[in-house]
Every structure is written in structure tokens, then in C-alpha cells.
Amino acid sequence: MQQNALNVLGTPLVPCSYDPLTGYYRDGCCNTDEQDQGSHVICAKVTQAFLDFSVQQGNDLVTPRPQYRFAGLVAGDRWCLCALRWRQAYEAGVAPPVVLECTQSRALDFVTLAQLQSV
């Protein structure tokens, strides 16, 4: 896990959500490392349009999966999203809004700050 991570604004990374408990490490933050193949670095406030889109792409974020400490998401929840999934949703016009201070700087390897700020 990256210690002292920065967000896309260049300041210390702020937790995304403790309820639901998010993050690759389920620590509330969009922390990452080389084992995080999906780069769960974008903190977004999910919308119903995004959740529906994600299900259509084969990633059901709605159904609870207790074995993974996952309660299922509802519109309005904050969640650390995979950078490529957010970009895919952005390109489809259904990207959820991003919480910049909670979005890990590695997100900029996949999308621009302008894209993150545009929704």
C-alpha cells in the first residue's frame, strides 16, 4: 500500500468512504499498489446510471457480497472505482461525479484532471 499518497490535486489523500467501507484494502481510502490490477483509485459518488452501466459491463456493484465485505451500492454512495471503468463510463456519458480530494494521484495515469472535474 502506498504510504503518504497524494490526491489528483497534489495534496494528501483524504478518505473516500467508511460507510460503505471502500478501497482496494477496505480501509476507506482509494489507496493502491502493484497488486491492485484494477487501479481502484477514483473516488466517485455513484449514480443509478453508472450502477446500471456497470452491471451491463459485467461488474455488478449492487448485489451484496458479504464474503468480500461488500454490502452492495446504492446511488449516492461513495466508492473507489477502477480507473478504466470510470473512463469507460465517461466515454459512454454516464461517469459519476468524482471527489477530487479523495481520488488517488495514480488516476492521472488513466484520465486527465479536466475529465475528472467535468462531471
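The values are calculated or read from the model by the stated rules, or taken from the named source; none is laboratory data. Computed from a prediction, not measured in an experiment: that's the story for all the values here. Ideal geometry is used to build each Cβ from the backbone, glycine not excepted, and the neighbour counts take in all protein chains shown.
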### Task
For the stretch 1-53, name all the residues that are outside any loop (DSSP other than H, G, I, E, B), under 10 Å from CYS80 (Cβ atoms) and in contact with a Pro (Cβ under 6 Å, 6 or more places away or on another chain).
ALA44
### Message
The conditions are (1) over 15 Å from GLY23 (Cβ atoms); (2) under 13 Å from the mean Cα position of the chain (by Cα); (3) surrounded by fewer than 22 Cβ atoms within 10 Å (Cβ to Cβ), and SER118 fails exactly one of them. Which is it?
### Response
(2)
### Query
For the subset of the stretch 61-88 comprising residues that are polar (S, T, N, Q) and over 13 Å from the mean Cα position of the chain (by Cα), which member is modelled with the highest pLDDT?
THR63
### Query
Which one of the conditions (1) under 23 Å from GLN117 (Cβ atoms); (2) acidic (Asp, Glu); (3) not in a helix (DSSP H, G or I) does GLU101 fail to meet, given that it meets all the rest?
(3)
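Residues in the stretch 78-89: is at least one free of Cβ contacts under 8 Å to residues at least 60 places away in the same chain, assigned to a loop (DSSP other than H, G, I, E, B), surrounded by fewer than 19 Cβ atoms within 10 Å (Cβ to Cβ) and touching a Phe, Trp or Tyr at 6+ places or on another chain (Cβ under 7 Å)? So that I can check it myself, show each step before the final result.
Applying the first criterion (free of Cβ contacts under 8 Å to residues at least 60 places away in the same chain) to the stretch 78-89 yields 81-89.
Pick out the ones that are also assigned to a loop (DSSP other than H, G, I, E, B) and you get none.
There is no residue in the stretch 78-89 that is free of Cβ contacts under 8 Å to residues at least 60 places away in the same chain, assigned to a loop (DSSP other than H, G, I, E, B), surrounded by fewer than 19 Cβ atoms within 10 Å (Cβ to Cβ) and touching a Phe, Trp or Tyr at 6+ places or on another chain (Cβ under 7 Å).
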### Task
Considering only the stretch 48-63, state which residues are touching a residue at least 24 places away in the same chain (Cβ under 8 Å) and surrounded by 18 or more Cβ atoms within 10 Å (Cβ to Cβ).
PHE50, LEU51, PHE53, SER54
